[in-house]
Amino acid sequence: MYKKVRSMEIFLDTAEIESIEKYSYFIDGVTTNPSLMALNKEKEPYKVIRRICEIVQGPVSAEVLSDQHDEMLNEGLALSKIGSNVCVKLPCTLDGLKVCKELSNQGIATNVTLCFSAAQALMAAQCGATYVSPFIGRLEDIGQDGIVLIEEIADIFAMQKIETKILAASIRNINHFTQALQVGADAVTLPTKVLEQCFVHPLTTSGLIKFKEDWRNRAKN
Ligand code: G3P
């Protein structure tokens with residue numbers, strides 16, 4: 001049983017089993033998408049999702065491949081059967097939101113992805129989404145401020161007492177990570193390279209070297 005011990009959630013944004021195993025201590029769950037799944041050499045995507053669900057106890061976002069209502073609904077139902085911690089990822093489109101409502105009404109966890117506006121996030125909440133994923137990096141790629149969007153959504157969700165959780169995605173650096181949580185994101189999904197940046201700082205490295213050196217030279221003092 002997945003038990004949250006604190007409010008925020010940190011997910012790893014990858015389909016690479018080795019990375020998930022290596023960093024399982026630090027993450028609450030995993031998010032995948034078709035581009036990340038395409039990088040995994042395993043030809044059977046459901047096998048990958050099943051393995052991920054075994055490694056982490058928390059939510060595992062698995063995205064549908066279709067963008068048509070009926071196919072998305074069937075895919076979402078099939079994905080939800082892979083593991084009790086599967087969270088079905090759906091695009092923030094008319095059909096994707098309809099499927100979100102239908103799956104949410106059945107108690108299936110959902111993550112509405114490719115969100116780029118507060119209006120889209122509100123529609124995801126209207127459809128009972130468990131998570132909505134605003135993409136910070138891709139907004140910045142077109143010269144817009146992704147953190148401002150997270151803050152805007154967080155303000156509206158707090159004002160309207162909306163329970164859908166804001167899952168900040170498309171994280172390009174540790175500033176996106178910390179600033180998203182600072183302005184009200186409930187969760188963040190980190191690519192492996194950004195998570196790895198959280199474990200190193202030059203002053204930590206040099207400080208550790210100095211400690212060891214001073215201890216080694218203690219007899220000389
Ligand atoms: O997985 C969803 C999101 O995190 C993808 O990010 O880097 O492809 O914009 P990115």
Completion exercise
Among (1) among the polar types (S, T, N, Q); (2) farther than 22 Å from S170 by Cβ; (3) surrounded by fewer than 17 Cβ atoms within 10 Å (Cβ to Cβ), S104 falls short only on (3)
Problem - Residues that are away from the ligand (no atom under 11 Å from the Cβ) and closer than 16 Å to L149 by Cα, drawn from the range 170-204 - result: N175, F177, T178, Q179, A180, L181, Q182, V183, G184, A185, D186, A187
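Quick check on the range 129-169: of everything there that is of a type in the set (G, A, S) and under 17 Å from K193 (Cβ atoms), which residue is farthest from the ligand (Cβ to nearest atom)? Write out each step before concluding.
Keep residues of the range 129-169 that are of a type in the set (G, A, S), which gives 129, 133, 137, 143, 146, 154, 158, 168-169.
Adding the requirement that they be under 17 Å from K193 (Cβ atoms) leaves 137, 168-169.
Details: G137: 5, A168: 9, A169: 4 Å.
Among residues in the range 129-169 that are of a type in the set (G, A, S) and under 17 Å from K193 (Cβ atoms), the one farthest from the ligand (Cβ to nearest atom) is A168.
Quick one: which helices (runs of 4 or more DSSP H) lie wholly within the range 1-110 and hold at least 1 residues that are modelled with pLDDT of 95 or more and under 15 Å from the mean Cα position of the chain (by Cα)?
On the way: elements: 17-22, 34-38, 45-55, 69-80, 94-105.
The helices (runs of 4 or more DSSP H) meeting that bar are 17-22, 34-38, 45-55.
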Practice task
Please give the number of the condition T113 fails out of (1) under 16 Å from the mean Cα position of the chain (by Cα); (2) of a type in the set (S, T, N, Q); (3) open to solvent by 10 Å² or more (accessible area, probe 1.4 Å).
Solution key: (3)
Exercise for the section: Would you confirm whether any residue within the range 107-117 is among the small types (G, A, S) and over 28 Å from K47 (Cβ atoms)? Expected result: yes
Practice task
For the range 6-17, state whether one or more residues are touching a helix residue (DSSP H, G or I) at 6+ places or on another chain (Cβ under 7 Å) and more than 16 Å from the ligand (Cβ to nearest atom).
Solution key: yes
Handout entry: Failed item in (1) over 22 Å from E18 (Cα atoms); (2) within 16 Å of the chain's Cα centre (by Cα), with S206 passing the rest
Key = (2)
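The values are calculated or read from the model by the stated rules, or taken from the named source; none is laboratory data. Keep in mind that this is a model prediction, so the values were computed, not measured. Quick reminder, even Gly has a Cβ in these numbers, built from the backbone with ideal geometry, and neighbours come from all protein chains shown. For the accessible areas, the whole protein counts, side chains as well, though only heavy atoms, and no ligand, DNA or RNA atoms are used. Shrake-Rupley method; radii C 1.70, N 1.55, O 1.52, S 1.80 Å.
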